[in-house]
Amino acid sequence: MEQGHLDSLCGVYSVVNAVRWVLGGNPPKMSAEDLFATVIGWLEWRAGAAEALTAGVEPKILWRVVVSALDDLRKENGVTIKADRPFARRRRLTAAEVHQTLAREFNASTAGIAYVVVFSGRLNHWSVVRGVTLTSFLLFDSCGHSRVAVDRCRMDGEAGGARDCPHVLEAAGIIRLARQADGSATAKSQP
């Protein structure tokens, strides 16, 4: 059995993996297990870990977990990560537009950056987008997925049938984590 066969903790793994990707390893004075415990603790407080373990985590809840966990990391470890949801309020957004935006950001960024993203549809899975190619989202994933083709994706509400676009992205389920140049760590609070 692998992660995801009996549990729905891909949201937790995506947060842990995104933090580790952005930092280039574990936070100072923490192991991956410690980081996992921090995220699970906030998930328990926000949604109930047993519920999340069996049913998964909705974007709104995972956003709150990210904000809380990053605040803990800032206070306890001086970790310098900013989090926001850049597409949460956008309407009529296409998967191609998300891909183009991420491509610009990954190309312009010299600091660590990653996106925690929920794919509904065939994958029904939280993952980490660590980069893009001309045609794909590149993943750092807890189940071993390495990429998702952009032309196989659509945004929730975007035209396109599930047969042609088996992966559906939710604007509220795209969370950007990035190192801040000034050394501070923040998570912009959004509803």
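The values are calculated or read from the model by the stated rules, or taken from the named source; none is laboratory data. All of these numbers come straight from a predicted model, not from anything done at the bench. Reconstructed Cβ throughout: ideal geometry from the backbone, glycine too, with neighbour counts over all protein chains shown.
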Output for region 71-102, where each listed residue is polar (S, T, N, Q) and buried (at least 21 other Cβ atoms within 10 Å of the Cβ): THR80
May I ask you to list the residues in region 41-59 that are within 18 Å of SER127 (Cβ to Cβ) and at pLDDT 90 or above? LEU43, VAL57, GLU58, PRO59
Here is a check on your reading of the model: is ASN26 in contact with a Leu (Cβ under 8 Å, 6 or more places away or on another chain), at pLDDT 90 or above and surrounded by fewer than 19 Cβ atoms within 10 Å (Cβ to Cβ)? yes
Name the residues in region 168-191 that are closer than 16 Å to SER109 by Cβ, in a loop (DSSP other than H, G, I, E, B) and either small (Gly, Ala, Ser) or modelled with pLDDT of 60 or more (or both), would you? GLN180, ALA181
Considering only residues that are under 17 Å from VAL168 (Cα atoms) and polar (S, T, N, Q), look in region 72-100 and name the one that is modelled with the highest pLDDT. GLN100
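What's the total number of residues in region 1-55 that are in a loop (DSSP other than H, G, I, E, B) and either under 17 Å from ALA69 (Cβ atoms) or acidic (Asp, Glu) (or both)? It would help to see each step written out before you state the result.
Looking only at region 1-55, we keep the residues that are in a loop (DSSP other than H, G, I, E, B), and these are 1-9, 24-31, 47-48.
Filter once more, keeping what is either under 17 Å from ALA69 (Cβ atoms) or acidic (Asp, Glu) (or both): 2, 7, 9, 25-31, 47-48.
Residues that pass the stated criteria total 12.
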Taking into account only those residues within region 126-143 that are out of contact with any Gly (no Cβ under 7 Å at 6 or more places or on another chain), buried (at least 22 other Cβ atoms within 10 Å of the Cβ) and closer than 22 Å to ILE61 by Cβ, which is modelled with the lowest pLDDT? ASP141
Evaluation of ARG64 against (1) part of a helix (DSSP H, G or I); (2) surrounded by fewer than 16 Cβ atoms within 10 Å (Cβ to Cβ) (one fails), failing number: (2)
How many residues, within region 1-37, are over 16 Å from the mean Cα position of the chain (by Cα) and among the hydroxyl-bearing types (Ser, Thr, Tyr)? 1
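What number of residues within region 74-90 satisfy the criterion of being more than 13 Å from LEU177 (Cα to Cα) and out of contact with any strand residue (DSSP E or B) (no Cβ under 7 Å at 6 or more places or on another chain)?
6
For (1) more than 19 Å from VAL16 (Cβ to Cβ); (2) touching a residue at least 12 places away in the same chain (Cβ under 8 Å); (3) in contact with a His (Cβ under 7 Å, 6 or more places away or on another chain); (4) surrounded by 20 or more Cβ atoms within 10 Å (Cβ to Cβ), each residue gets a yes or a no:
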| position | (1), (2), (3), (4) |
| --- | --- |
| ALA55 | yes, yes, no, no |
| LYS60 | yes, yes, no, no |
| ALA69 | no, yes, no, yes |
| ARG104 | yes, no, no, no |
